[in-house]
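Enquirer: Questions regarding the structure given below will be posed in turn.
Throughout, read-outs are computed from the coordinates displayed, never taken from laboratory work. Since this is a predicted model, take the numbers as computed values, not measurements. Heads up, the Cβs are rebuilt from the backbone with ideal geometry, glycines too, and the neighbour counts pull from every protein chain shown.
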Amino acid sequence: MNAPRGLLWLAVSAFAAGMSALAVLQQRAFETGRFDVGNLTQVVWSSTHGRFLELTDVHGEQISRLGAHFDPLVVVLVPLWWAWPSPDLLLVVQAVAVALGAVPVYLLAGRHLESDWAGLTFGVVYLLYPPTQWLVVDDFHPVALATPLLLGAIWFLDGDRLLPFAVCAAAACLTKEQVGLVVAMLGLWYAVAHGRRIAGALIVASGTAVAVLATAVIVPHYAPGGGSPFEGRYAAVGGSPAGILRGAFEHPLLLVEAATEHRDLSYLIDLLAPLGGLSLLAPLLAASALPEIGLNLLSGTRTQTSIHFHYTAAAIPGLVAAAVLGAARVQRRWPVASPTLGKGLVLLVLAAGIVLGPLPVWAHVPFGSTLAARDHIVTAHDRAATRVLRAVPQGVAVSATNTLGAHLSERHRIFSFPVIREATWVALDLTRPSYLDNGLGKGFSAAYERFRKSKNWVVVRKEDGVVVWRRLP
């Protein structure tokens, strides 16, 4: 094994181990939630018990996960669950999978920059890229698996290896409904940049067809009420996919206005600046990030225009791979700049990580990010919550606040307080109230007062504001 490759695997291993530990500690510190660690844990648990992709939704109905997102690839975790039945499994798999995305980046950069050391540089850049790191510590989301899969797809497509590309692209499409559009954009890049028009057109058609089928047919079919539960995020620009397309023709300025708010521009800077703007020098490949970025810019949900959440998963591959091609273009035009380009980019992305990233160590550095800097610390309150939750028997129906729900989802029925239905146990963290899936707790106080006045419940255990009740016979 040559030195760059050995160092790459060292970097991948360090990222996987370190970010896995950070994510698991956040779980131990009750910084994850029933949405989304809990509900995906329930999906995997249900699938191992013969209820394929089943979960309890926020209103207490048993639905298919496909009614929320088209991400059936999560079932690959089922065999692993038999060996390690814990929510920690999901977090570790996510960290390891995202870390492995550095391998196709290394190969792509090595090919285009004609140097294994350049490959190592870009592999490290990918691992240091703030959106990559935030992706791993934002609970668990199957779409995070799209990041390494799409990077693999780009590597294979760039080498005209269509069969392994198809395998990676197909798997990526099974992580979220819009990923097919990313694959379609890769087909456009392949057709134009590589001159493979027929193959490129087939990829465009296939990716688009999968995205349309998932978005317009599968998700509405399984969703209660027959529509995507997330259409409300796009109410200002048409709501449904058809409404957005109609609005693009009838009121195009409305879409432009929605996509150019101040927070949207800050979001774009946070995505592009850590890569030195190199992605813009390979615009066709960078355009593969547009489906994800466009949906985020048009959404009325503020978390979608932030690199601190998982909404960058399908954008990261195109931006990082385009940065590789952009660097190759710089190297061809200005060979004198190539020796310092890689070093400068590593320093730039490292500085961006200090200012924007999730690593707790940066809180102790001047200008370092303090966001989530203490989320990994397991406090006395967290240990008390762990002890109290041991009173809840396995298998019983439970209603819980959001942070506790992430630790109680390995069962057939689990409700988000104040939904109780047939639950025989209730677990509430009064210091961290939530209402349904709203972690801000608006509406909790009134609901809790109604519950507390009920004569049907008895306190089984309480400690430091965490209380477990059992329904009386």
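Enquirer: In the chain, how many lysine pairs have Cα atoms under 26 Å apart, counting only pairs 8 or more places apart or on different chains?
Expert: Eligible lysine pairs with Cα atoms under 26 Å apart amount to 4.
Enquirer: Could you point to the label whose value was computed as Rg and Dmax of the Cα atoms in Å for the structure here, given (i) 23.0, 80; (ii) 22.0, 67; (iii) 24.0, 86?
Expert: Recomputing Rg and Dmax of the Cα atoms in Å here gives the entry labelled (i).
Enquirer: Here's something else I'd like to know. Please give the residues of the stretch 182-209, grouped as numeric ranges, whose backbone N is less than 16 Å from a label point set 7 Å along the Cα-to-Cβ vector of LEU162.
Expert: Zone members listed by number: 184, 186-207.
Enquirer: To check you understand DSSP bridge types, tell me what percent of the beta bridges within the chain (both residues inside) are antiparallel, rounded to 5.
Expert: Just about 70 percent of them are antiparallel.
Enquirer: Students often check this: by mean Cβ neighbours within 10 Å, which of 376-385, 52-61 ranks highest, and how do the rest follow?
Expert: 52-61, 376-385
Enquirer: Can you give the extra length, in nm with one decimal, that the chain gains between ALA216 and SER445 once fully stretched, where that is 0.36 nm per residue apart less the Cα-Cα distance?
Expert: Here the answer is 78.6 nm.
Enquirer: Another question about this same structure. Figure the gain on full extension for VAL355 and VAL192 (residue separation times 0.36 nm, minus the Cα-Cα span) and round it to one decimal in nm.
Expert: Value of the extension gain: 55.0 nm.
Enquirer: Let me know the Kirkwood hydrodynamic radius for the stretch 281-429, please, with Cα pairs as the basis and the value in Å to one decimal. Walk me through the intermediate numbers first.
Expert: Working: mean 1/r = 0.0507 Å⁻¹.
Answer for the stretch 281-429: a Kirkwood hydrodynamic radius of 19.7 Å.
Enquirer: Right, next: Near the amide H of PHE415, under 5 Å away, which other amide H atoms are found, from residues 5 or more places off or on another chain, if H is placed in the peptide plane?
Expert: VAL398, SER399, ALA400
Enquirer: For the chain, what relative contact order do you get, as a whole percent, if you take Cα pairs closer than 8 Å and at least 6 residues apart?
Expert: Reported as a whole number, the value is 19 percent.
Enquirer: I've got another one for you. Could you pull out which residues in the stretch 390-418 have an amide N less than 17 Å from a spot 7 Å beyond the Cα of GLU463, following the Cα-Cβ vector?
Expert: 390-393, 404, 407-408
Enquirer: Something else: Using DSSP to call loops (not H, G, I, E or B), can you name the trypsin sites (Lys or Arg not before Pro) in the stretch 149-221 whose Cβ has at most 16 other Cβ atoms within 10 angstrom?
Expert: Within the stretch 149-221, the qualifying trypsin sites (Lys or Arg not before Pro) (loop, at most 16 other Cβ atoms within 10 Å) are ARG161.
Enquirer: Using a 10 Å cut-off on Cβ atoms, rank the peptides 42-48, 32-38, 439-445 from the highest mean neighbour count down.
Expert: Highest to lowest by the protection proxy: 32-38, 42-48, 439-445.
Enquirer: Taking only complete DSSP H runs, can you tell me which helices of the chain stretch 15 Å or more along their own long axis by Cα positions and average at least -0.5 on the Kyte-Doolittle scale?
Expert: 3-28, 87-100, 102-113, 116-128, 146-158, 162-173, 179-193, 197-213, 262-272, 316-333, 338-356
Enquirer: Using a simple charge model, +1 on the beta-carbon of Lys and Arg, -1 on the beta-carbon of Asp and Glu, nothing else, what dipole does the chain show about its Cα centre, in debye to the nearest 20? All intermediate terms of the calculation are to be shown ahead of the outcome.
Expert: Values: 35 positive and 30 negative charges, 157 e Å.
About 760 debye.
Enquirer: On to the next question. Place +1 on the Cβ of every Lys and Arg and -1 on the Cβ of every Asp and Glu in the chain, take the dipole about the Cα centre, and give the residue among VAL124, LEU181, VAL467 whose Cα lies farthest towards its positive end.
Expert: VAL467
Enquirer: Let me ask something else. Quote the FRET efficiency, to the nearest 0.05, computed for LEU202 versus LEU280 with a Förster distance R0 of 35 Å and r equal to the Cβ-Cβ distance.
Expert: Here the calculated transfer efficiency is 0.80.
Enquirer: Give me log10 I(q)/I(0) at q = 0.15, 0.20, 0.26 Å⁻¹ for the stretch 380-471, Debye formula, one equal scatterer per alpha-carbon, no solvent.
Expert: Evaluating at q = 0.15, 0.20, 0.26 Å⁻¹ gives log10 I(q)/I(0) of -0.48, -0.90, -1.59.
Enquirer: Write down the radius of gyration of the stretch 1-154 and its Dmax, each obtained from C-alpha positions, in Å.
Expert: 17.1, 56
Enquirer: Moving on. Starting from the Cα of TRP82, step 7 Å toward the Cβ, then list every residue of the stretch 37-51 with an amide N under 17 Å from that point.
Expert: 44-51
Enquirer: Normalise the Cα radius of gyration of the stretch 273-344 by 2.2 N^0.38 Å (N = residues in it) and let me know the number.
Expert: 1.26
Enquirer: Also, I was wondering about something else. When the chain is fully extended, how far beyond the present Cα-Cα distance does VAL346 get from PHE52, taking 0.36 nm per residue of separation?
Expert: 101.5 nm
Enquirer: Related question: I need the calculated FRET efficiency for the pair ARG471 and ALA14, taking r as the beta carbon distance and R₀ as 35 Å, to the nearest 0.05.
Expert: 0.15
Enquirer: Which order results if CYS168, CYS173 are arranged by neighbouring Cβ count within 10 Å, fewest first?
Expert: So the residues, fewest neighbours to most, are CYS168, CYS173.
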